[in-house]
Amino acid sequence: MKLIIDGYNLMYRLELEGSLEQKRDEMFELLSEFKSVNPCDITVVFDGSRNPSTQRGREFKLGINVIYSARGETADDIIMEMAEKHTMGKAKENIVVSSDNRVRNFAVEHFMKGMTSDEFAEYLI
């Protein structure tokens, strides 16, 4: 199973305390715990609105793939691009987590499951 998560949507649904960096770190810890019980590939996508580069930022944190959008694109753009690429094989085992109806509907149109950030947050807390 693969989870593709809109990072800021989920982070704000979790109602975490502290600075932006602390909230992100705590969310990654929760996702890492989830992954240890539910083996899956997790990709978290963030809007990189302050990213001056035309290249996407990437990192691997606690076993989780992290992507930051490049200048001129949004996390939604990346998530829909990823959903579009997963239309073959086991696409139905993939889940897109987003608060955006348009993104979730796009995922469903590409044979993936869509889940709201609120719904997924309940699994983590």
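When the residues of the stretch 106-116 are filtered to those that are among the aliphatic types (A, V, I, L, M) and crowded, with 16+ Cβ neighbours inside 10 Å, the one that is nearest to M11 (Cα to Cα) is M115.
Residue-wise test of (1) modelled with pLDDT under 90; (2) aromatic (F, W, Y); (3) within 18 Å of M112 (Cβ to Cβ); (4) touching a Gly at 6+ places or on another chain (Cβ under 8 Å).
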{"position": "M27", "(1), (2), (3), (4)": "no, no, no, yes"}
{"position": "K35", "(1), (2), (3), (4)": "no, no, no, yes"}
{"position": "C40", "(1), (2), (3), (4)": "no, no, yes, no"}
{"position": "T43", "(1), (2), (3), (4)": "no, no, yes, no"}
{"position": "F46", "(1), (2), (3), (4)": "no, yes, no, yes"}
{"position": "R50", "(1), (2), (3), (4)": "yes, no, no, no"}
{"position": "R56", "(1), (2), (3), (4)": "yes, no, no, yes"}
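Please verify whether V103 is of a type outside the set (G, A, S), surrounded by 17 or more Cβ atoms within 10 Å (Cβ to Cβ) and in contact (Cβ under 8 Å) with a residue 60 or more places away in the chain, treating the condition exactly as stated. When the stated conditions are applied, V103 passes them.
Considering the stretch 87-110, and only residues there that are touching a Ser or Thr at 6+ places or on another chain (Cβ under 6 Å) and in a loop (DSSP other than H, G, I, E, B), the residue that is modelled with the highest pLDDT turns out to be S99. Residue selection: A121 fails the criterion of being in contact with a Lys or Arg (Cβ under 6 Å, 6 or more places away or on another chain), farther than 23 Å from M1 by Cα, crowded, with 16+ Cβ neighbours inside 10 Å and of a type in the set (A, V, I, L, M).
The values are calculated or read from the model by the stated rules, or taken from the named source; none is laboratory data. If you're wondering where the values come from, they're calculated on a predicted model, not measured in any experiment. Reconstructed Cβ throughout: ideal geometry from the backbone, glycine too, with neighbour counts over all protein chains shown.
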